[in-house]
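What follows draws every value from the coordinates through simple rules; no lab data is involved. Keep in mind that what you see is a predicted model, and the values were worked out from it rather than measured. Glycine gets a Cβ as well: all are built from the backbone with ideal geometry, and neighbour counts include every protein chain shown.
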Amino acid sequence: MALKNSYLCDLMKKVEQRNPGDTQFQITVRSVLESIEPVVEARPELIEKGVLEMFVEPERIVKFRVPWVDDAGKVHVNRGYRVQSNSAIGPYKGGLRLHPSVTEDIVKFLAFEQTLKNSLTTLPIGGAKGGSDFDPKGKSDMEVMRFCQSFMNELYRHIGPDCDVPAGDIGVGAREIGYLYGQYKKLTGQYCGVLTGKGLSYGGSLARTQATGYGLCYFTEEMLNAAGKSFKGATVVVSGSGNVATYAVEKATQLGAKVVAMSDSNGYIHDPDGIDLAAVKQIKEVRRARIKEYVANHPSATYTEGCSGIWTIKCDIALPCATQNEISLESAQTLIANGCYCVSEGANMPTVIPAIEALQAAGVLFGPAKAANAGGVATSALEMSQNSMRYSWTFEEVDAKLKQIMVGIYHNIASAAKTYGCEGNFEAGANIAGFLKVADAMLAQGVC
Ligand code: NDP
């Protein structure tokens, strides 16, 4: 698809000029503008009132130095970011990522996507993202704590329970959220719901840990059911073995699927007998070790070094749950040739755009990240509600709300796609449905 509307073409040129070298951000904005072209043509007031120009420019970008001291007394300096993309429908909300690949471009594109995703949840949350190029891998607990405290020493100025509520993402789990929360409390003297993904003993929500993976499966099951299919009896490949992957495997298995492969950033395991998830949790969650250790106690399994080969394993359903750009065009073609009929994104932007186009052209059901993995942020918003009420719902109550939200998201995006002439294109439907709510709020709030 290429942009045809002259206003949108000019706007895209401006985005390229204003964000030179930020290729991931440019790709994402282009793809969203392409999807919403029919909306823009149907609603000229969006152009007249400058809504689109405001929409593609983050409201605020904060970039800061994060100095910390390692266990040997050596000083290190990392760079921290918080991109607050859009607050039209609620306080900024989005995860913090700690990984060497973090750049302003990555954080900016994730924040932009987060705005649309958060809108789809139907909950009152705006879009943001943050992080640092710090690598928690191989660091001691004390080093991670010192880093998190230093990161918060700057971040606390820009966040708050009614202003911006960060959460976890790659490299930021319960341990890091705890250290960040402790430092925020110390700096501000406030005990409030300023972060989500907190431990249960200090304001966390039951089912938040499971939410993204479970939500992915609830969404995917609804999409499959609408096409007369289901997880039941299906063979599934899941990439990654972190938070999202682990609970996607758990729920897919509960729904009757057989998951045969998982991976980490070094390589992948293939177990035709079905992945023993308890063993993976022991390796990755408890011992923080490498997934290749799985084969030592599972004679039916093999380990292969390198990640992309995971998509050569024959499957009915593929759930990419590791990181961005992990399904290339070539991987998509292999999945299609092997009879895969559904790809649903647990990670953010794991499928490159030519691969998405190839999957859609081949009639593969494609669940885009901003819809399929919105369960994490939706449950974070439920955590915010519980914090505001000073009350906790049971696991079953949160899980039921999560399921209802994910089923609702599927129907909302399917119907938006149909209304705007692209039935079955859930990527376009998600962009349109997410954008419409934000755009209406922006129109109501004027130029700000
Ligand atoms: P984790 O850090 O818990 O896990 C990430 C997993 O992906 C790890 O197994 C990691 O391996 C693996 N991985 C990292 N890079 C690569 C790579 N290049 N190739 C293959 N595997 C890789 O992160 P999450 O599970 O929380 O997040 C995964 C994705 O889901 C991200 O895109 C994130 O933005 C997205 N997401 C997460 C949400 C959440 O609630 N956690 C919510 C919505 C989206 P290793 O162990 O070697 O590092």
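Over all distinct alpha-carbon pairs, what is the Kirkwood Rh of the range 294-379 in angstrom? Display every interim value, and only then the final one.
Values: mean 1/r = 0.0739 Å⁻¹.
In the range 294-379 this quantity evaluates to 13.5 Å.
Points 7 angstrom from Cα along the Cβ direction at residue 27 and residue 57: gap in nanometres?
2.6
Need one number: the % of Cα-Cα pairs in the range 251-328 sitting beyond the 20 Å mark.
Counting every Cα pair in the range 251-328, those more than 20 Å apart make up 28 percent.
To the nearest Å, what is the center-to-center distance of the range 360-386 and the range 18-85, using C-alpha atoms only?
20
Relative contact order for the chain: what percent, with Cα pairs under 8 Å and sequence separation of 6 or more? Kindly include the intermediate steps, with their values, before the conclusion.
Numbers: 921 pairs, mean separation 68.4, N = 448.
Value for the chain: 15 percent.
Net charge near residue 75: determine it from the other residues with C-beta under 15 Å of the C-beta of residue 75, scoring Lys and Arg +1 and Asp and Glu -1. Spell out each step's value before the answer.
Numbers: positive: 65, 74, 79, 139, 146; negative: 70, 71, 143.
My count for the surroundings of residue 75 gives +2.
Please list the radius of gyration and Dmax for the range 96-144, considering alpha-carbon atoms only, with Å as the unit.
13.6, 39
Round to a whole angstrom and tell me the spacing of the C-alpha centers of the range 259-305 and the range 173-198.
Their Cα centres are 33 Å away from one another.
Among the aspartates and glutamates, which fall within straight-line cross-link reach of residue 251, defined as a Cα-Cα distance under 13 Å, with same-chain neighbours fewer than 8 residues apart omitted?
Leaving aside aspartates and glutamates fewer than 8 places away in the same chain, those within reach of residue 251 are 221, 399.
So for the range 1-62, what percent of the C-alpha to C-alpha distances run longer than 16 Å? Write down the numbers at each step before the final one.
Working: 798 of 1891 pairs.
Here the tail beyond 16 Å accounts for 42 percent of pairs.
Using the scaling law 2.2 N^0.38 Å as the reference, what is the normalised Cα Rg of the range 50-199?
Numbers: Rg = 15.0 Å, N = 150, 2.2 N^0.38 = 14.8 Å.
Normalised by 2.2 N^0.38 Å, the Cα Rg of the range 50-199 equals 1.01.
From the cross-link list 63/93; 13/117; 137/281; 232/437, which pairs have alpha carbons spaced over 28 Å apart? Could the numbers behind the result be given before it?
Values: 63/93 17 Å; 13/117 25 Å; 137/281 17 Å; 232/437 34 Å.
Over 28 Å apart, Cα to Cα: 232/437.
For the chain, list the DSSP H helices whose alpha carbon atoms reach 30 Å or more along the long axis and whose average Kyte-Doolittle value is 0.0 or above? Can you show the working numbers first?
Numbers: long enough: 395-419 (36 Å, 0.08).
Length and hydropathy pass: 395-419.
Given just the C-alpha atoms of the chain, how large is their convex hull per residue in cubic angstrom?
Values: hull volume 60.8 nm³, N = 448.
So the per-residue Cα hull volume is 136 Å³.
If the cut-off is a Cα-Cα distance under 12 Å, which aspartates and glutamates reach residue 4, setting aside same-chain residues fewer than 8 apart in sequence?
34, 37, 41
How long are the three semi-axes of the equivalent ellipsoid for the range 366-448, computed from the Cα gyration tensor as the root of 5 times each eigenvalue, in whole Å, largest first? It would help to have the intermediate numbers written out before the result.
Numbers: eigenvalues 140, 73, 15 Å².
Ellipsoid semi-axes (Å, largest first): 26, 19, 9.
Please compute the length gained on full extension between residue 290 and residue 18, using 0.36 nm multiplied by the number of residues separating them and subtracting their Cα-Cα distance. Kindly include the intermediate steps, with their values, before the conclusion.
Details: separation 272, 0.36 × 272 = 97.92 nm, distance 4.10 nm.
Fully extending the segment from residue 290 to residue 18 adds 93.8 nm.
Quick check: pseudo-label points 7 Å beyond the Cα along Cα→Cβ at residue 305 and residue 361, how many nm apart are they?
Calculated label separation equals 3.5 nm.
Translational diffusion coefficient of the range 177-297 at 20 °C, 1.002 mPa s, Stokes-Einstein with Kirkwood Rh over Cα pairs, in µm²/s as a whole number. Display every interim value, and only then the final one.
Values: Rh = 16.1 Å.
Estimated diffusion coefficient is 133 µm²/s.
Could you tell me what % of all Cα pairs in the range 200-249 have separations over 16 Å?
Details: 605 of 1225 pairs.
Considering the range 200-249, 49 percent of its Cα-Cα pairs are separated by more than 16 Å.
If you project the alpha carbons of the range 128-191 onto their three principal axes, what span does each projection cover, largest first, in Å?
Principal extents (largest minus smallest coordinate, Cα): 34, 24, 18 Å.
Tell me, what ³J(HN,Hα) does each residue in the range 266-281 have, in order and in whole Hz, if you take phi through Karplus 6.51 cos²θ - 1.76 cosθ + 1.60 with θ = phi - 60° and put x for Gly and Pro?
9, x, 10, 10, 10, 10, x, 7, x, 5, 8, 5, 4, 5, 5, 4
What residue among 110, 123, 319 has the largest mean-square fluctuation in a Gaussian network model of the chain, using Cα springs under 10 Å?
Evaluated over the chain, the most mobile residue of the options is 123.
So which residue, out of 270, 76, 99, gets the largest mean-square fluctuation from a GNM of the chain using Cα contacts under 10 Å as springs?
76
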